């Protein structure tokens, strides 16, 4: 049986719960339930939802592919400037998304540091690939932080035992280390996906607002808010429902194992 919370903790905790839930309650209270099927059946809404789900999933895949090795490097390797690199990697967590979009333009835009050399091959700004890039930029730190913490707490005796049995470093990582941190990889991937799904500032700055190409659900909500508030509420409900379904569906499988008892 859990301990009863003292009033000095229960009161501010209750205020925090109310603060977090009241905006959601307001959204549900003002939702145009009668016209919801009509609003959600519009082609622009379906295109925005499809694009959001696609780009968030692709961005999460890129985050896992690149973020897990980066987390291992930060957790296990020893090299000069590791603390600085860790700070730079987590910078997108606190960087204003619009600033991130500007930075992406300066790096990968047609006149950017890297983009100028890619101009003859392909362009990233104002394309669907640009949306994926922007979402990856803001979401990857969530995965890196989760996996690096897990790698730091893994008992290395299992890896040492695998080495004594003849396993190489790659085999030990693939067969021993990775399964041990898999719950944290899953938890980080969930956070990445949710962050990418809700990304707005970096996306609209770097990829723009092109219906069917770069107009994700958050951008569609912003556009609709200026002309059709009911449509904006309806779109917000879709994002809320998708996020809740994913987080609730995956929580029992990944998050408790990553968080511990």
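Bear in mind these aren't lab numbers, they're just calculated from the coordinates by the rules spelled out. For clarity, every value in this text was computed on a predicted model and none was experimentally measured. Neighbour counts are summed over all protein chains in view; Cβ atoms, including those assigned to glycine, are modelled from backbone coordinates with ideal geometry.
The table below lists the values:
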item	result
Sequence of 228, 155, 47 once ranked by neighbouring C-beta atoms within 10 Å, starting from the fewest	155, 228, 47
Label-point gap, in nm, between residue 121 and residue 25 - each point 7 angstrom along Cα→Cβ	5.4 nm
Dimensions (Å) - the chain, Cα atoms, principal axes, largest first	65, 65, 31
Alpha carbon Rg of the stretch 171-233, scaled by the compact-globule rule 2.2 N^0.38 Å	1.69
Ranked list, fewest to most other Cβ atoms within 10 Å of each Cβ, for 114, 213, 8, 68	8, 114, 213, 68
Residue order, fewest to most surrounding Cβ atoms within 10 angstrom, among 19, 126, 142	19, 126, 142
Column: log10 I(q)/I(0), Debye, Cα scatterers of the stretch 76-116, q = 0.21, 0.28, 0.33 Å⁻¹	-0.75, -0.86, -0.96
Between the stretch 5-69 and the stretch 86-115, the alpha-carbon center distance in angstrom	25 Å
Distance between the stretch 152-201 and the stretch 116-151 - C-alpha centres, whole angstrom	20 Å
As computed over the stretch 20-70, the Cα convex hull volume per residue (Å³)	97 Å³
For the stretch 162-205, projected area of the alpha-carbon convex hull averaged over all directions, nm²	4.1 nm²
The chain, helix-only ellipticity at 222 nm - DSSP H runs n ≥ 4, -39,500 (n - 2.57), divided by all residues, nearest 500	-23000 deg cm²/dmol
Rg over Rh [alpha-carbon atoms, Kirkwood Rh] for the stretch 42-95	1.22
The stretch 25-181 - percent relative contact order, Cα under 8 Å, separation 6 or more	28 percent
